[in-house]
Amino acid sequence: GAPASGKGTQCRMIVEKYGLVHISTGDLLRAEVSSGTDIGKKAKEYMDNGMLVPDQVVTDMVVSRLSQPDVRERGWLLDGYPRSYAQAQSLESMKIRPDIFILLEVPDDNLIDRCVGRRLDPVTGKIYHVKNFPPENEEISARLTTRSDDTFEKVKSRLETYKQNSEAVIPTYSDLLNQVLVYF
Ligand code: ADP
């Protein structure tokens, strides 16, 4: 799913319903960066510039997480990985295949509107939308902030990147594809 496609919410609901381990490469990488590990040091500059972290670094990290006992017992949901043809092929070569591949399809106009109108309450962490889900009162309204990458131009370029990445990955999983059309 693209930025603002509701991927985070769906992932949370799926792991809760099926008792899976949620493995988000974005979250794993941010944890590596904040603990100052070798992986974190390698990843930081790419992440700060909105570029993909080199395939080998991310793949090693994911494979190591997948081999831990909780994942072996409960099963897994990969979120944000694979994001390139090479990453998908690495999993294939290790015979790591999901049972299901879910693609959230949301029209671009919808995604842009959701990003550009998105606001964060820094106090509660709650996400609002100026039109679709406005804050409950003036006090909250006054303290809302906007993510620096939620501007029209940046959202357009993030969507472009998403399209390139998903087109690179989908062919590997065409036999497992479950396409869900979402209109907000
Ligand atoms: P975003 O939606 O902004 O990409 P994520 O939390 O999914 O947010 O990822 C944050 C950053 O972590 C990405 O911009 C990228 O630098 C890195 N990253 C996450 N997943 C991958 C991946 N599968 N391959 C390479 N880099 C990744």
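Multiplying the residue separation of residue 156 and residue 137 by 0.36 nm and removing their Cα-Cα distance gives an extension gain of 3.7 nm. Overall shape of the chain was characterised from the C-alpha gyration tensor. The equivalent ellipsoid obtained from it has semi-axes of 29, 20, 18 Å, in decreasing order.
Axis angle, to the nearest 10 degrees, between helix 7-18 and the longest C-alpha principal axis of the chain: 60 degrees. The helix-based estimate of mean residue ellipticity at 222 nm for the chain, built from -39,500 (n - 2.57) per DSSP H run of four or more residues and divided by its residue count, is -15000 deg cm²/dmol to the nearest 500.
In this Cβ point-charge picture (+1 for Lys and Arg, -1 for Asp and Glu), the chain has a dipole of about 180 debye about its Cα centre.
Taking amide H positions as modeled 1.01 Å from N, with prolines and chain starts lacking one, no residue 5 or more places away or on another chain lies under 5 Å from residue 151.
Shown in residue order for region 55-67 are the 3J(HN,Hα) couplings computed by the Karplus curve 6.51 cos²θ - 1.76 cosθ + 1.60 at θ = phi - 60°: 3, 5, 4, 5, 4, 4, 5, 5, 5, 5, 5, 5, 8 Hz (x for Gly and Pro).
Accessible area per residue, 1.4 Å probe, Å², for region 72-134: what's the number? Result: 60 Å² of accessible area for each residue.
Close amide-amide hydrogen proximity is noted between residue 105 and 180, 181, 182, each under 5 Å apart and 5 or more residues distant or on a separate chain (H modeled in the peptide plane; Pro and chain starts excluded).
Here r is the Cβ-Cβ distance between residue 110 and residue 38 and R0 is 30 Å; the resulting FRET efficiency, rounded to 0.05, is 0.15. Under 28 Å of direct C-alpha separation, and excluding same-chain neighbours fewer than eight residues apart, residue 42 reaches these lysines: 7, 95, 154, 156, 163. The listed peptides 58-69, 128-139, ordered by packing as a protection proxy, come out as 58-69, 128-139 (highest mean of other Cβ atoms within 10 Å first). Please report the spacing between the Cα centers of region 139-179 and region 103-123 in Å, no decimals. Each part's Cα centre sits 9 Å from the other's.
The values are calculated or read from the model by the stated rules, or taken from the named source; none is laboratory data. As the structure is a prediction and not an experimental result, all values here were calculated from the model. All Cβ positions, glycine included, derive from the backbone under ideal geometry; neighbour counts span all protein chains shown. Ligands, DNA and RNA are stripped out before the accessible areas are found, and what is left, the full protein with its side chains, is counted by its heavy atoms. Shrake-Rupley method; radii C 1.70, N 1.55, O 1.52, S 1.80 Å.
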